[in-house]
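> Take this structure first; my questions come after.
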Amino acid sequence: MRIYSSKIAFYITFALFFVSCNTIKHVEEDQQLLTSNTVTVNDKVNNTETINNLLYQKPNRKLLTIPIRLHIYNLARPNIDSILKANIAKKPNREENLERFLSKKQLDQYIESRKGINTWLKTTGEAPVILNDEKTKRSINRLEAYYFHNGWFTTKATSETTKIDSSRSKVDYYVTTGDPYIVDSLSVKIASPAIDTLYNESKKQSHIQLNKQYKTTTFEQEKDRLTDYFRNHGVYHFSEDYIYFEMDTIDTDKKVKVELQIQDRLIKNDDSSRREPFTIYKIKDVNIYTDYSYQDRNKMQKDSTKFKGYNLFSNDKLRFKPKALTDVVFITPDSTFRDSDRTLSYRHISELRTFKYPNIEYVENPDTTLTANVYLTPLKKFGLEFSAEVSQSNIQTIGLSFNPSVLMRNVFGGAETLQLTAFGSIGASKDGANDDDKFFDINEWGADLKLTVPRLLLPFNTQKLIPKSMSPSTRMSISTSSQTNIGLDKQTLSGTLNYRWKPNFKVTNRFDLFSVQYVKNLNPDNYFNVYSTSYNTLNDIAQDINYIGPNDELGIPNQANEFIQESTGDNPPNGLTSDNIQNINYINERQERLTENNLIIASSYNYVRDNRTSLFDENFSIFRGKIESAGNLLSLASNAFGSPKNANDNYEIFDVAYSQYIKTEFDYIKHWDLGKKQVLALRSFFGIAIPYGNSNSIPFSKSFFAGGTNDNRAWTAYSLGPGSSDSNDEFNEANLKLAFNLEYRFNVFGDFYAAFFADAGNIWNVLDNIEDPQATFTSFQSLEDIALGTGFGLRYDFGFIIFRFDTGFKTYDPSYEMGNRWLNDYNFTNAVYNIGINYPF
């Protein structure tokens, strides 16, 4: 049955017309539905979000010109309560009988339950916005106030309401600002000499700039700046209430003369008050109560000590090394009072994970000094934690994990934490290879022992280079795991020693002095069951040259491995072409690489700069950089001691050839908040890993892949690349990667969101043992192999997680011949459907 496009267009147009006629369903005869607002400023339309947010009434939100949420709301019955009660009252005495049978409370609950879908329609939908003249007047006042506070003191705003029909109206706002006022001069009148001195020290950082347009926010920022500066330079009693700006605009030709006034300190007694000059306070004593509890607050302290001027007290025997506590308390004896020291102390004490939220109080002494009392309440020595997680990743459809752990605090008396975590998980792979076709064909179990020390454990002093304000910490961990994946299975033993520090709230540094990882493959004989594409290619070659019968199959693993050995040896079987031998060599190299055991001893440095101000900030950037080097010390030692090499000319440790490479990654994310719950998100990624010395390839765990729910969503994980090769291998990986992602996100209604995206990128082999020209990056011309996927997605925000469903289409596919790469598989049949948790970037 054929359906012409003209008919489809007619039906859609008719449906939209029918729906649009229904927008006034709940608009009374004497009411007007607000359809639009227009704000014209100095004869120019201003539709920015800043101006629109000033209006008290906004029209119902629309998607593609249709107010969908209003239509959802109109589906609900406005008088549902009376309808339900009328239905009950249809039969005489029915309500009384139901009350006797159910009780009054149960009857009310029954009625409430019948309103479920109706309530959902109302809460999900959006009630019609009825024009309100009072709100229009308030909007005018707010527009005038906005421009006044931004320097246009003669602003006038008006409005005009226009009826579109008997039930709909629009409102036009007209704003005339006049010329802005300019800050012409700034004079100062400060009563206290101490404040005057501090002001002169800091006035170069003033937010107030002469010959700039007046803005109220500028003076509010200056108030905040001065208050912070004074309180962080010894003025204990200062608050912003003492700061006052007096403006003079009379006969100044639109210029503002500003006078900054700061009064003396106000001291109030019972029936009187007086003013005195502010004074600079110093810290006299810092008392740290290491095991404070409210019920024992009046007890005599049994143990005490003094360390670097700090006084430490304990109700019982002191259990903490003094340095561990004084390192996180930034209030220093005999120093000038700084308000920021208390904030820093709170943050660093909380990071120890050893105490409940601390309390720090200042006590004023008669000699204009302060005593700081730090009250610490230790958490229990041992803590139990348990977490469970449902996840979806690039290689598994669903995964379930369980992580019980035991936390031991203050292990060695220096506020260290020791955490033992057991983990177990099961998952269903996307490309299972087990013959019995189990649904949960991935499982992993193991344990992780982690010690965190709140300082840098180094043989030299790092205080000048990395002071304690940077929250330095040392972490040592050792872990082991055993994994049954989709066929090869493996055991892993790893250990790390790393240092972390934060120069500020935005930047995090991590230096792994060493990271050791040993990976042992438990089931290498199952390789060709897992990598069936390689096996099928090998089997086809064997059949073509009559190495086996046309209906026979190479036995796994013995016969398949024997065929490879013969084909790559000095006397290959008859009938093999040079292309056959090359393909078999590729299969052999890949098998050896993916089934060999790995020993990786590496050092790395990670740098992260995150400009987010909160979890709800949608106007930020994140930069991540990493450089990693492996095998260099082992190579130097092997050369120095003249260690023997194996048959492949590689040094070994414990019969394993250790990896040697250098790897670097750069990841940049940028979000632009477009307003009205619209976000434009961008990500770019570059990574390269170069083997050398003892290695001619990169371990599988350190290589790159392309495709998947968080990468190029038009390809499944590991299916894209390398380069332009039309590889059907189950797990394609390489040692060079480029990725670029762009996504436009917008709100549909309520907690439903949608997005349009474009994902570009690919992987290549470079400077390793792969010689296939289609898979290698040879020059900038290889950038023609960058794949492009486009698509759309739907999201639902649960608050704690975001459920994501994306559909990706192969827009530019480099596996096709040049000139025939665009839109070959651009249809829903060949689309890739991705389910993910939270946003990909």
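Read-outs throughout are calculated quantities, based only on the coordinates presented, and are distinct from any laboratory measurement. None of the values given here were measured: they were computed from a predicted structure. Every residue, glycine among them, receives a Cβ derived from its backbone with ideal geometry; neighbour counts consider all protein chains shown.
> Roughly what would the spin-label model give for Y229 and N838, points 7 Å off Cα along C-beta, in nm?
Taking the simple label geometry, Y229 and N838 are separated by 4.0 nm.
> Between segment 562-620 and segment 699-763, what is the C-alpha centre distance in whole Å?
Using only Cα atoms to place each centre, the spacing works out to 18 Å.
> Turning to a different aspect of this structure: Taking GluC sites (Glu not before Pro) as candidate sites, keep only those in a DSSP loop with at most 11 other Cβ atoms within 10 Å, then name the longest stretch of the chain containing none of them. Before the final figure, lay out the partial values.
Numbers: sites that count: E28, E29, E817.
It works out to 30-816.
> Evaluate the distance, in nm, between pseudo-label points positioned 7 Å from the Cα of D334 and of T50 along their respective Cα→Cβ axes.
Here the modelled spin labels are 5.2 nm apart.
> Stokes-Einstein diffusion coefficient for segment 182-276 at 25 °C in a medium of 0.890 mPa s, Rh from the Kirkwood formula over Cα pairs: what value in µm²/s?
170
> Take the alpha carbon atoms of segment 501-528, find their center, do the same for segment 256-287, and report the distance between the two centers in whole angstrom.
Comparing the Cα centres of segment 501-528 and segment 256-287, I get a distance of 56 Å.
> In nm, what is the difference between 0.36 nm times the number of residues separating K135 and F402 and their Cα-Cα distance?
Stretched fully, the K135-F402 segment lengthens by 90.7 nm.
> Taking every Cα atom in segment 282-375, find the radius of gyration and the maximum pairwise distance Dmax, and write them in Å.
Rg, Dmax (Cα atoms, Å): 12.7, 37.
> Go from 0 up to the bin containing the longest alpha carbon distance in the chain, width 10 Å each, and give me the % of pairs per bin.
Once binned at 10 Å, the Cα pair distances of the chain give 2, 8, 13, 16, 16, 17, 14, 8, 3, 1, 0, 0.
> Which entries in K645/K702; K282/K356; K268/K299; K677/K702; K282/K464; K204/K356 show an alpha-carbon gap greater than 30 Å?
K268/K299; K677/K702; K204/K356
> On a 26 Å Cα-Cα criterion, which of the cross-link pairs K223/K308; K520/K663; K44/K676 come out too long?
K223/K308
> Okay, moving on. With θ taken as phi - 60° and the coefficients 6.51, -1.76 and 1.60, list the Karplus ³J(HN,Hα) couplings across segment 819-833 in order, rounded to whole Hz; mark glycine and proline as x.
For segment 819-833, the Karplus curve yields x, 9, 9, 8, 6, 6, 10, 7, 7, 5, 5, 9, 5, 10, 9 Hz.
> Using only DSSP helix segments of four residues or longer, with each worth -39500 (n - 2.57), what per-residue ellipticity at 222 nm results for the chain after dividing by its residue count and rounding to 500?
Counting only the DSSP helices, I get -6500 deg cm²/dmol.
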